[in-house]
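This report refers to the structure that appears directly beneath it.
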Amino acid sequence: MENIFECQSITFSYNIADQDKVLPVPILEDLSIAVRPGEFVAVLGHNGSGKSTLAKHLNAILLPQGGVVYVNGIDTREEERLLEIRSHVGMVFQNPDNQIVATVVEEDVAFALENLGVPPAEIRTRVDDALRSVGMYEHRLRAPHQLSGGQKQRVAIAGIIAMRPDCIVLDEPTAMLDPRGRQEVIGTVQELNREFGITVVLITHFMDEAARCGRVVVMDDGKIILDASPREVFSQVELLKSVGLDVPQATELVYRLRQAGIELPGDIIEVEQCVTAIGRLLKGS
Amino acid sequence: MAIIRTENLNYIYGGGTAFEKSAVTNINLEIEQGEFVGIIGHTGSGKSTLIQHFNGLLRPTSGKVYIDGHDIWEKPKEIRKFRFKVGLVFQYPEYQLFEETVYKDIAFGPTNMGLTKDEVDERVLEAAELVGLKDKHMRKSPFELSGGQKRRVAIAGVMAMRPDVLILDEPTAGLDPRGRDMILGEIQRYHIQNKNTVLLVSHSMEDIARYAHKVLVMNRSEVFLYDNVEAVFAHAREIADMGLAVPQITRICIALRDMGYNISPETYTVESAKEQILALLGGR
């Protein structure tokens, strides 16, 4: 099956004015990545590693200065196909308050559909479906400012879902939320991926969120340094720490016990696995 | 003596309207001078409302707030004095930067306190040093800096007023793990160096366990607990039921305890968990 995203050796620099000179600051360097339909990919990396710049290439907010990006086979430089690209890929950003435009939840979800000229009866169905799929249907008539941060992000996601995209790209959608809000948003996204096969690219600083994805990509200095399953990625404790990232505490505990000479598997990333493995060890002692 | 004391503090939003809601209910709290207190509670638990009372941004609907023994609302005209004693760093403080240079932005608070130019200079440089800002940053526009550095400028601006109490609302939100560790380390250094009281609002129990001595848990507009870190972690299950995220390591230790192994359910650092497991394995 065709890749939903294909970045072929893309490069990108921003220009920074320093006094009278304009200096190019390279952000992405010769980066290649392909994402298949239905995947759930987490992208990790410290601030400034190029994660958000990469995300903005995935629906043609930015165009590569070198190399090519294909979205569902469409070259993102084809300007006349921009709307088509954006109908395939929806984006959700960090701050929920910057993404909500209407004064009633359901109107906000309908906003893009109205702009696309979708017939009213179909808007009604799509908005209701989208709100149900993020668990916000009963809040459809409320004002967005009455909602919690997690609820607002789910409304923003519903606005994307209503456009029936193949893929959602989320750029740190939980950074401003409390643990409950984070759980709501990540749970919603996982369900959309599982139930409807929507491809998800999730940029995050939370290692426990990445541990629940199917595939983890780690970026440093505009390059991909790791691209594997969460178990394989988080077993690289030292490498991750050297690029300013963390590992889940379960992984950290097992790592330190292994260093102390205890025999445990090196690919533990979840609480349950950790408890089972250590419990088995203790039982034998 | 308590630096912050509240007496039957109540605050009601939208009093007399259909949206009336008690945001903090009957709070009686004493925070000692020199403490490093972590404050947790889910969204809407009353944390932000409570801390805004400590420097007089909100006036209690009923009850009293004492700073250093003084009822701050005794003479409302003098409330400004308490704003210099208690410095509040809001969430995403970098959005509040406005001056032409980093230096001027940090100097804004101390200048408003009516200090001499030399005193202001000394404080700006001290605060900048504490948060790791270098000389080369000082003449730059704050808007040329990275997100993490902007946040440091904003925090330095409050530190430069040398408040007796420094309150920070989620100072690490949106930062990567390295940026988070650096900023928390800087706050800890400020605390140790100045022996001032620090209140840190955070959603991360891991961070609170690492840096704070005491923890204030807010739930449904009330103080659920105010105690030292170990004692609070003894209530890990109840805290998890409130929808707060108990550290993974604590959850692992509770699960092992439930399996019948002698591991403290109050464990909150990876190091301590490792030591306990090694001790148990040593017995084989």
* **At most 15 other Cβ within 10 Å, DSSP loop - GluC sites (Glu not before Pro), segment A:21-103** => A:E78
* Structure fact -> Of the listed links B:K85/B:K214; B:K21/B:K47; A:K51/B:K47; A:K21/B:K117, those spanning more than 23 angstrom between alpha carbons are A:K51/B:K47; A:K21/B:K117
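About its Cα centre, how strong a charge dipole does the protein assembly as shown have in debye, to the nearest 20, once Lys and Arg get +1 and Asp and Glu get -1 at the Cβ? Before the final figure, lay out each step's value.
Working: 61 positive and 79 negative charges, 188 e Å.
Its charge dipole is roughly 900 debye.
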* To do: Take every residue in peptide B:177-183, count the Cβ atoms of other chains within 10 Å of its Cβ, and give the average of those counts.
  => 4
* Asked: Where does segment A:1-135 land on the Kirkwood hydrodynamic radius, alpha-carbon pairs, in angstrom?
  -> 17.3 Å
* By count of other Cβ within 10 Å, fewest leading, how are B:Y95, A:Y70 ordered? -> B:Y95, A:Y70
* Structure fact -> The residues A:S285, B:S264, A:S49, sorted from fewest to most surrounding Cβ atoms within 10 Å, come out as A:S285, B:S264, A:S49
* Structure fact -> A chain fully extended from B:I192 to B:N8 at 0.36 nm per residue, minus the present Cα-Cα distance, gains in nm 63.1 nm
* Restrict the search to segment A:1-104; then list the trypsin sites (Lys or Arg not before Pro) that DSSP places in a loop and that have at most 13 other Cβ atoms within 10 Å of their Cβ. => A:R77
* To do: Sort B:S221, A:S9 so that the residue with the fewest other Cβ atoms within 10 Å of its own Cβ comes first and the one with the most comes last.
  => A:S9, B:S221
* Of A:D20, A:D166, A:D246, which is the most mobile in a GNM of chain A whose springs link Cα atoms less than 10 angstrom apart? -> A:D20
* Structure fact -> Of B:198-209, A:189-200, B:249-260, ordering from highest average Cβ density within 10 Å down gives B:198-209, B:249-260, A:189-200
* **Projected-area mean, chain A, by convex hull of Cα positions, square nanometres** => 18.5 nm²
* Using the Karplus curve 6.51 cos²θ - 1.76 cosθ + 1.60 with θ = phi - 60°, work out ³J(HN,Hα) for each residue of segment B:31-48 in order, rounded to whole Hz, and write x for Gly and Pro. => 10, 6, 4, x, 6, 10, 10, x, 10, 10, x, 6, 4, x, 7, x, 4, 5
* Residues of B:240-251, mean number of Cβ from any other protein chain within 10 Å of their own Cβ, rounded to a whole number? -> 4
* **segment B:2-246: relative contact order in percent, alpha carbon pairs under 8 Å with at least 6 residues between** => 26 percent
* To do: First measure r as the distance between the Cβ atoms of B:K77 and B:D135, then evaluate 1/(1 + (r/R0)^6) with R0 = 35 Å and state the FRET efficiency to the nearest 0.05.
  => 0.30
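Evaluate the Kirkwood expression for the hydrodynamic radius of the protein assembly as shown, namely the inverse of the mean inverse distance over all pairs of different C-alpha atoms, and round to one decimal in Å.
Result for the protein assembly as shown stands at 25.9 Å.
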* Structure fact -> For A:K223 and A:N115, extending 7 Å from Cα along the Cα-Cβ vector and measuring point to point gives, in nm, a value of 3.8 nm
* Would you mind calculating the relative contact order of chain A from Cα pairs under 8 angstrom and at least 6 residues apart, reporting the percent as a whole number? => 21 percent
* To do: Please sort A:121-128, B:213-220, A:155-162 by packing, taking for each peptide the average over its residues of neighbouring beta carbons within 10 angstrom, highest first.
  => A:155-162, B:213-220, A:121-128
* **Normalised convex hull volume, segment B:2-246, alpha-carbon set, Å³ per residue** => 132 Å³
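None of the figures in this text is laboratory data; all of them are computed from the coordinates on show. Quick caveat: nothing in here was measured; it's all calculated off a predicted structure. Virtual Cβ from ideal backbone geometry, glycine too; neighbours counted across all protein chains shown.
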